[in-house]
Amino acid sequence: MKVGVSMNLPDLKKAKERTSKPVEYQCQELAFDSSFQGKKYFLRTYGCQMNEHDSEEIKGILDFYGMIPCEELEKADVILLNTCAIRENAHDKVFGYLGRIKHLKKERPEVIVGIGGCMSQEEGIVEEIQTRHPYVNFVFGTHNIHDLGRLLSNAKKTSQEIEVYSMEGNVYENVSYKRDSKITAWVNIIYGCDKFCTYCIVPYTRGKERSRKMSEILKEVKMLKEEGYQEVTLLGQNVNAYGHDFQDGTLFSHLLEKVAQTGIPRIRFVTSHPWNFTDEMIDVIAKYPNIMPYIHLPIQSGSNRILKLMGRRYTKESYIELFQKMKNRIPNVAITTDIIVGFPGETEEDFQETLDVVETCQFDGAYTFIFSPREGTPAARMRDDTPKEEKEKRLQRLNERVNFYSKQKNEALLHREAPVLILGQSEKDPKKVYGYTDTMKLVNVDAPQSVIGQIVPVLITDAKSFSLDGRMVK
Ligand code: 5AD
Ligand code: SF4
């Protein structure tokens with residue numbers, strides 16, 4: 001019989017706390033367990049780049065235990081889901097997938113199933129897993145990926161184990177990632193978020209803003225460069241809050257400049273909050289040719305009334321001013337954004353203001369979402385009278401304008417040359433390769449496979465809304 005285990009359940013109230021307790025910098029240490037050697041694992045990742053990168057950490061740990069990746073769910077000995085909590089549809093996708101796993105567990109009860117990521121940090125979700133999905137062996141959160149080995153070892157002996165911490169969070173160094181690419185790499189620079197935008201669950205699931213030490217980040221970038229990586233993307237929920245927690249004057253602009261000086265061919269960073277974006281940052285981006293002229297700058301809404309309700313800390317006017325400054329000072333810069341429609345109380349007039357900003361800024365691209373209430377956040381308790389159908393219509397109207405400008409920006413590249421980092425074989429046409437321009441536009445390129453991993457000049461021959469076609473210039 002399996003023994004019961006002590007539980008650490010998520011606690012939203014605790015997750016909201018921000019104290020002045022200093023961040024602990026710890027080393028990832030794993031105890032080896034040979035019983036998983038040669039076992040197959042299936043890992044499915046939902047959500048943002050942060051989760052994708054966390055999955056590279058998970059794969060690094062499983063690799064350490066001698067486990068082998070497996071593409072087929074049905075053949076795996078261990079099944080792990082790295083989940084996302086940002087909107088309701090992410091939740092639906094995970095629970096939909098759990099249905100398939102439940103079936104499999106009936107046929108092969110020895111299969112070990114674990115759930116990690118942002119959804120695990122939510123009280124209601126864990127309750128749902130406990131009551132409706134008791135066959136799940138363990139649940140772990142975003143703060144204790146390094147516990148995975150122990151949870152796996154326990155899984156055969158214990159009943160369902162929930163190990164989720166609602167803490168401000170530590171910083172782990174010495175993490176060995178199993179990276180998905182040999183060409184581009186993600187590098188965490190800051191974890192968590194203290195902005196508490198009223199609609200957002202992230203500050204609860206990912207803890208407080210805490211920066212990695214600059215020396216550790218630079219060590220990692222230099223190592224990646226030596227290994228032949230062509231591109232690093234500096235990752236954080238809020239990269240431009242980098243260094244604030246050190247309270248010694250360190251800023252993101254300092255880090256960015258140091259990273260540029262390593263000479264790695266391409267540097268990107270996501271995501272930027274308009275509130276912390278300083279002139280110094282713009283200057284550094286403009287100064288170094290290896291910092292790509294591409295900025296993702298979420299606006300969320302064009303209505304000052306809604307921005308205030310969202311707790312975004314800027315106005316439409318200050319956003320546009322920042323946007324214009326970037327356009328004026330950074331040659332050839334592409335700017336994309338995120339927009340939420342149907343925030344509680346959003347009127348047709350508020351929405352019209354969002355459309356107006358899209359006309360003013362003519363973004364290179366925008367990720368658009370219908371507001372999704374997240375349990376425990378202030379916006380989930382706000383009065384929301386707009387019918388779902390109306391929100392869907394607004395989303396459609398917005399997408400029509402957003403796609404118009406994406407296509408227009410792509411068309412502006414027609415018959416021009418752009419530097420493209422070639423990442424692999426094109427999915428659409430196996431005779432072609434694909435890659436991204438400096439401005440982050442996807443291009444399917446007529447070029448030999450031998451240029452995969454190189455930055456090559458490409459003549460753009462066709463432009464669609466979401467991709468370009470081109471041919472390598474010899
Ligand atoms: N509902 C809809 N969209 C959301 N986002 C974050 N929280 C929500 C929510 N509750 C969007 C924001 C953010 C992006 C990552 O997801 O636009 O920038
Ligand atoms: Fe969420 Fe706002 Fe933090 Fe972005 S800045 S992660 S939207 S709370």
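The values are calculated or read from the model by the stated rules, or taken from the named source; none is laboratory data. No experiment lies behind these values; they were computed from the predicted model shown. We place every Cβ from the backbone using ideal geometry, glycine too, and count neighbours over all the protein chains shown. Side chains are part of the model used for accessible areas, which takes the heavy atoms of the whole protein and leaves out ligands, DNA and RNA. Shrake-Rupley method; radii C 1.70, N 1.55, O 1.52, S 1.80 Å.
Any idea of the accessible area per residue across the range 181-292, 1.4 Å probe, to the nearest Å²?
35 Å²
Would you mind telling me the share, in percent, of accessible area of the range 153-309 contributed by carbon and sulfur at probe 1.4 angstrom?
On the way: 2870 of 5510 Å².
It is 52 percent, rounded to a whole number.
Points 7 angstrom from Cα along the Cβ direction at GLU348 and GLU74: gap in nanometres?
5.3 nm
Near ARG329, within a Cβ-to-Cβ distance under 15 Å, what is the net charge of the other residues, with Lys and Arg +1 and Asp and Glu -1?
Working: positive: LYS287, LYS325, LYS327; negative: ASP279, GLU280, ASP283, GLU321.
Its environment carries a net charge of -1.
Based on alpha-carbon positions alone, could you give the equivalent ellipsoid semi-axes of the range 22-163 from the gyration tensor, as √(5λ), descending, whole Å?
On the way: eigenvalues 85, 78, 43 Å².
They are 21, 20, 15 Å, listed largest first.
Relative to the Cα centre, what is the charge dipole magnitude of the chain, using +1 at the beta carbon of each Lys and Arg, -1 at the beta carbon of each Asp and Glu, and rounding to the nearest 20 debye?
For this selection, approximately 480 debye.
In the range 388-473, which chymotrypsin sites (Phe, Trp or Tyr not before Pro) are in a loop and have at most 16 other Cβ atoms within 10 Å, using DSSP for the loop call?
PHE466
Find the Cα radius of gyration of the range 181-292, compare it with 2.2 N^0.38 Å by division, and give the number to two decimals.
1.04
With every protein chain left in place, what is the accessible area per residue of the range 346-404 in square angstrom, probe 1.4 Å?
The answer is 55 Å² per residue.
Step through the table entries LYS388/LYS441; LYS182/LYS441; LYS21/LYS327; LYS16/LYS258, compare each Cα-Cα distance with 31 Å, and write down the pairs that go over it.
Distance filter (> 31 Å) returns LYS388/LYS441; LYS21/LYS327; LYS16/LYS258.
Could I get the Rg over Rh figure for the range 362-462? Both from C-alpha atoms, Rh via Kirkwood, rounded to two places.
Rounded to two decimals, Rg over Rh is 1.18.
Would you calculate a helix-derived [θ] at 222 nm for the chain, using -39,500 (n - 2.57) for each DSSP H run of n ≥ 4 and dividing by the full residue count, to the nearest 500?
Result for the chain, helices only: -10000 deg cm²/dmol.
Determine the order of GLU29, GLU57, GLU127 by accessible area, beginning with the largest, at a probe radius of 1.4 Å.
GLU29, GLU127, GLU57
Only bridges whose two residues both fall in the chain count here: according to DSSP, what percent of them are antiparallel, nearest 5?
Approximately 30 percent, going by the DSSP bridge assignments.
If you average the C-alpha positions of the range 334-393 and of the range 25-67 separately, how far apart do those two centres end up, in angstrom?
That distance is 36 Å.
Of all the Cα-Cα pairs you can form in the range 294-412, what percent are over 19 Å apart?
Values: 3212 of 7021 pairs.
So the pairs more than 19 Å apart make up 46 percent of the total in the range 294-412.
If you filter the range 153-257 for GluC sites (Glu not before Pro), then keep DSSP loop positions with at most 14 other Cβ within 10 Å, what is left?
Numbers: sites: GLU161, GLU163, GLU168, GLU173, GLU209, GLU216, GLU220, GLU226, GLU227, GLU231, GLU257; in loops: GLU168, GLU209, GLU227.
Here the sparse-neighbourhood loop sites are GLU227.
Hey, got a sec? Which trypsin sites (Lys or Arg not before Pro) in the range 103-184 land in a DSSP loop and have at most 14 other Cβ atoms within 10 Å?
Answer in residue order: LYS156, LYS157, LYS182.
What accessible area per residue comes out for the range 41-117, rounded to a whole number of Å², with a 1.4 Å probe?
Working: 3120 Å² over 77 residues.
In whole numbers, the range 41-117 has 40 Å² accessible per residue.
Sticking to Cα atoms, compute the Rg of the range 54-137 to one decimal and its Dmax as the biggest Cα-Cα distance, whole number, in Å.
13.0, 35
Checking the cross-link filter: which aspartates and glutamates have an alpha carbon closer than 16 Å to that of LYS75, excluding same-chain neighbours under 8 positions apart?
GLU107, GLU110
With all distinct Cα pairs included, what does the Kirkwood hydrodynamic radius of the chain come out to in Å, to one decimal, could you say?
This gives a value of 23.8 Å.
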